[in-house]
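Remarks on the structure that follows.
The values are calculated or read from the model by the stated rules, or taken from the named source; none is laboratory data. The model shown is predicted, which means the values in this text are computed figures rather than measured ones. Note that we place each Cβ from the backbone using ideal geometry, even for glycine, and neighbour counts take in every protein chain shown. What goes into the accessible areas is simple: the full protein's heavy atoms, side chains included, and nothing from ligands, DNA or RNA. Shrake-Rupley method; radii C 1.70, N 1.55, O 1.52, S 1.80 Å.
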Amino acid sequence: MIKIAIIGFGTVGQGFAELLVRKRDEIEKAIGEFKVTAIADSKSSISGEFSLSDALKMKRETGRLRDDVSAMEIVRNAEYDVLVEASVTKIGGGDAVEYIREALKRGKHVITSNKGPIVADFDGLMKLAEKNGVKLMYEATVGGAMPVIKLAKKYLALCEIESVKGIFNGTCNYILSRMEEEKLPYEQILKEAQELGYAEADPTYDVEGIDAALKLVIIANTIGVRARYEDVEVTGITQITPEAFQVAAEKGYTIRLIAEVSREKLKVSPRLVPLHHPLSIRGTMNAAMFKTDTAGNIFVAGRGAGKEETASAMLSDFYEIYAGSP
Ligand code: HSE
């Protein structure tokens with residue numbers, strides 16, 4: 001029986017739990033029986049005897065779980081084999097770095113959707129996982145449902161990945177593609193995106209390129225380019241005008257927020273993209289182009305955010321830990 005503890009029970013944590021409930025039969029057929037033994041959010045928790053469906057219902061109806069045991073105590077003392085860490089990203093990592101370290105030191109696998117800790121201490125956490133003979137999986141930190149991490153680490157394992165160029169922020173891509181279509185100013189489209197729930201009330205993190213830069217750091221380290229957040233040259237999308245789109249279109253281009261890593265470059269900035277290039281993708285989609293020595297160019301695209309999409313990436317990590325190669 002695989003025992004799972006979930007830390008962070010907001011959108012992503014609940015999304016993962018809902019997938020466990022909905023896909024129990026398929027999951028158990030693929031990797032064996034499992035049980036969620038503990039869940040903690042920032043204010044409450046539940047462990048011991050409980051049903052996952054009831055815990056989800058309780059959280060939805062009351063905004064909290066049954067007990068007051070802290071997340072750190074759950075990480076330190078609860079009985080589990082894999083920690084699913086789905087706290088909200090904080091630059092610098094926040095408490096989640098300690099949750100992950102503690103679980104790894106206890107010899108537990110970790111699956112995280114949280115960019116903060118992976119960016120803050122990529123090497124340290126990976127070495128700790130290796131030392132303790134467990135896996136630290138982080139597919140959900142980049143590109144939501146779009147497979148990027150396992151693509152690089154597993155399917156392109158013996159290729160040299162010369163560069164990765166991609167769109168890793170759905171909010172920016174939505175705003176830019178709407179500006180392109182509607183020929184309207186940035187502020188107006190941002191307001192529309194906020195009303196539709198695509199952009200946060202405080203959009204800084206997305207529109208200034210910070211979120212894309214964090215994801216780029218994770219990709220860089222994954223492909224063997226040692227990088228910290230401070231190393232990324234970042235320009236956001238706030239200065240882009242409808243006129244810029246017009247000039248670009250006259251020459252057969254559009255504008256997208258492109259994150260690029262190679263041995264020479266670590267950069268997030270608005271760039272010209274040919275109108276029919278795969279990276280001219282529209283809406284909230286994410287996309288990535290891997291340039292390799294032996295496999296040529298590999299292109300992937302998919303939904304870069306969303307409750308179920310992010311949870312699906314975590315579920316693929318769960319499968320990878322327990323079922324190994326297909
Ligand atoms: N806010 C991000 C985006 C999703 O707009 O793509 C979470 O990483």
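Values as computed for the structure displayed
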{"quantity": "For peptides 38-45, 211-218, sequence by mean Cβ density within 10 Å, most packed first", "calculated": "211-218, 38-45"}
{"quantity": "Listed pairs Lys29/Lys108; Lys43/Lys307; Lys29/Lys165 exceeding 26 Å between Cα atoms", "calculated": "Lys29/Lys165"}
{"quantity": "Cβ-Cβ FRET estimate between Asn77 and Glu33, R0 fixed at 22 Å, reported to 0.05", "calculated": "0.45"}
{"quantity": "Förster-model FRET efficiency, 41 Å R0, Arg64 and Thr235, C-beta, rounded to 0.05", "calculated": "0.50"}
{"quantity": "Peptides ranked, highest mean first, by Cβ atoms within 10 Å: ranges 82-91, 268-277, 17-26", "calculated": "82-91, 268-277, 17-26"}
{"quantity": "12 Å beta-carbon shell around Val82, net charge (K/R +1, D/E -1)", "calculated": "0"}
{"quantity": "Inter-centroid distance (Cα atoms) of the range 149-213 relative to the range 233-267, Å", "calculated": "12"}
{"quantity": "Of the DSSP H helices in the chain, those whose Cα atoms cover at least 20 Å axially and whose Kyte score averages -0.5 or more", "calculated": "307-323"}
{"quantity": "Mean ellipticity per residue at 222 nm, deg cm²/dmol - from DSSP H runs of n ≥ 4 across the chain, formula -39500 (n - 2.57)", "calculated": "-12000 deg cm²/dmol"}
{"quantity": "Accessible surface of the range 72-133 [probe 1.4 Å, protein heavy atoms]: carbon and sulfur percent", "calculated": "44"}
{"quantity": "Gained length - Ile91 relative to Val247, 0.36 nm times residue gap less alpha-carbon distance", "calculated": "52.5 nm"}
{"quantity": "Two-decimal Rg/Rh across the chain, once Rg and the Kirkwood Rh are taken from alpha-carbon atoms", "calculated": "0.99"}
{"quantity": "Cα-Cα over 32 Å, subset of Lys191/Lys291; Lys90/Lys267; Lys150/Lys251; Lys3/Lys291; Lys90/Lys183", "calculated": "Lys191/Lys291; Lys150/Lys251; Lys3/Lys291; Lys90/Lys183"}
{"quantity": "Rounded to 5, percent antiparallel among DSSP beta bridges of the chain", "calculated": "60"}
{"quantity": "Per residue accessible area in Å² of the range 53-105, where ligands, DNA and RNA are left out and the probe is 1.4 Å", "calculated": "52"}
